[in-house]
Amino acid sequence: MIRMAILGAGGLGKGMAKMVTQRPGFTCVAMADSQGYCYETGGLSVDQVLPLETVATYPNGGMSSDQGILELLQAHGHDIDVIFMALPNFPVSFFADTVKQIATQTPFKGVMVDALKRTTAVEKLLSEGDLLKSAGILYITGAGATPGFLTTVAAVAAQSFVEVQSVNIHFGVGVANWETYRATIREDFLHLDGFDADKVAAMSDADVEAELEKRNGLLELVEMEHADDIILELAGICPRDRVTVGGLVDTRNAKKPVSTTVTVTGTTLSGAVGSHQFTVSDATTMVDNVCGPALGFLKRGVELFEIGQTGIITSADIMPKGAFAVESQQARQPAAKAIAAAAAV
């Protein structure tokens, strides 16, 4: 069994804990949140985890701490094979800072995946490739829905063309209660006109509720800062400025307000222009489309880790690579050689 720790116990973290019970080969042995952690050698009871306000109150092995992630991995890092990062991406440096702490202050060696969304957050992680490699960790970034599932769909669809003109990802998300995904919804506010990091950080839950009320619970997101752009550029699919991501989030209804689509437009060998479009089933939820692919990337990561791969790669690095004339902005940074080495199998 692949022993998993889930860092974060919000909607996605608990969703992953539930999904693991339906996927053979995995068992969730630990979870951590801002108030503490829990660990159980034989696997956590999902039925006991789901109703908890904090995993620190888990009846068998719950521990209160304001440093739950570090204390969990310092105590049990040797007994964990993979980590799913379901932490908030706010502030933007939080993920990179947390990963650096794990790499330098705990004995964990294994595979980590995230469901990060913001380009700048992924860029910060990519610069830590050498540190992760020396720590014996393989980190796969952008391994949720978008980036992740939909990014890799675009990477495969692009292979039909000699040049990719555009990649458009337009998603629909429905959640019955915004508080279940409060970190995700708060981050979405950053992409709305009139909002920035300082303003969102200062908003109380009541402020968020009031803003959602003004919008009838709907958030329309346009030209988001989404890491699909850097991931597809690094994979050689197209320059990042040809990638656009947006969507519609309904924070009051579980039903999706629109279907999620990926459209890849390009020039064919004969010079014609065409588009591939992939539509995601409306029956699938955020948990289905984030946690399911993340588990698949984790399993692939374990295979790569077992043959000695460490460092940091993206979800698109384990898909067909682009054979196009694409120069990555990231490739001009000093970390690029380390990233390329980590991606080579």
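If the condition is being more than 23 Å from F90 (Cα to Cα) and either surrounded by fewer than 24 Cβ atoms within 10 Å (Cβ to Cβ) or assigned by TED's automatic domain parsing to the domain that holds A121 (or both), then region 234-248 contributes G236, P239, D241, R242.
Going through (1) over 19 Å from the mean Cα position of the chain (by Cα); (2) in a strand (DSSP E or B) one by one, F171 falls short only on (1).
With respect to the conditions (1) more than 21 Å from the chain's Cα centre (by Cα); (2) free of Cβ contacts under 8 Å to residues at least 60 places away in the same chain; (3) surrounded by fewer than 21 Cβ atoms within 10 Å (Cβ to Cβ), L44 lacks only one, and its number is (3). Cβ-Cβ distances below 7 Å connect the following pairs, each with a first residue in region 193-220 that is over 20 Å from K256 (Cα atoms), a second residue that is among the charged types (D, E, K, R), and a separation of six or more residues or different chains: V200/R186; V208/R186. Of note, T244 does not satisfy the criterion of being over 23 Å from the mean Cα position of the chain (by Cα), in a strand (DSSP E or B) and of a type in the set (S, T, N, Q). Kindly evaluate G274 against the criterion of being in contact (Cβ under 8 Å) with a residue 24 or more places away in the chain, buried (at least 21 other Cβ atoms within 10 Å of the Cβ) and either closer than 19 Å to D81 by Cβ or in the same structural domain as T244 (by TED's automatic domain parsing) (or both). So G274 fails the test. Is it the case that some residue within region 101-109 is closer than 27 Å to I185 by Cβ and either at pLDDT 95 or above or in the same structural domain as G301 (by TED's automatic domain parsing) (or both)? There is at least one residue in region 101-109 that is closer than 27 Å to I185 by Cβ and either at pLDDT 95 or above or in the same structural domain as G301 (by TED's automatic domain parsing) (or both). In region 99-121, what residues are under 20 Å from M16 (Cα atoms) and part of a helix (DSSP H, G or I)? The answer is V99, and nothing else. Annotation note: of V290, V200, V222, V249, the sole residue that is in contact with a strand residue (DSSP E or B) (Cβ under 7 Å, 6 or more places away or on another chain), of a type in the set (A, V, I, L, M) and farther than 20 Å from L12 by Cα is V222.
Scanning region 92-144 for residues that are under 11 Å from the mean Cα position of the chain (by Cα) and of a type in the set (A, V, I, L, M, F, W, C) yields F95, M112, V113, A115, L116, A121, V122, I140, A143. Of the numbered criteria (1) at pLDDT 95 or above; (2) within 18 Å of the chain's Cα centre (by Cα); (3) not basic (K, R), the one I80 fails is (2).
The listed residues are L125, L132, L150, and the only one of them that is in contact (Cβ under 8 Å) with a residue 60 or more places away in the chain, hydrophobic (A, V, I, L, M, F, W, C) and under 15 Å from G296 (Cα atoms) turns out to be L150.
I need the full set of residues from region 79-122 which are of a type in the set (G, A, S), farther than 22 Å from E225 by Cβ and in contact (Cβ under 8 Å) with a residue 60 or more places away in the chain, in order please.
The answer is G110, and nothing else.
The values are calculated or read from the model by the stated rules, or taken from the named source; none is laboratory data. Note that this is a predicted model, so its numbers are computed, not measured. Cβ coordinates were reconstructed from backbone atoms using ideal geometry, including for glycine residues, and neighbour counts include every protein chain displayed.
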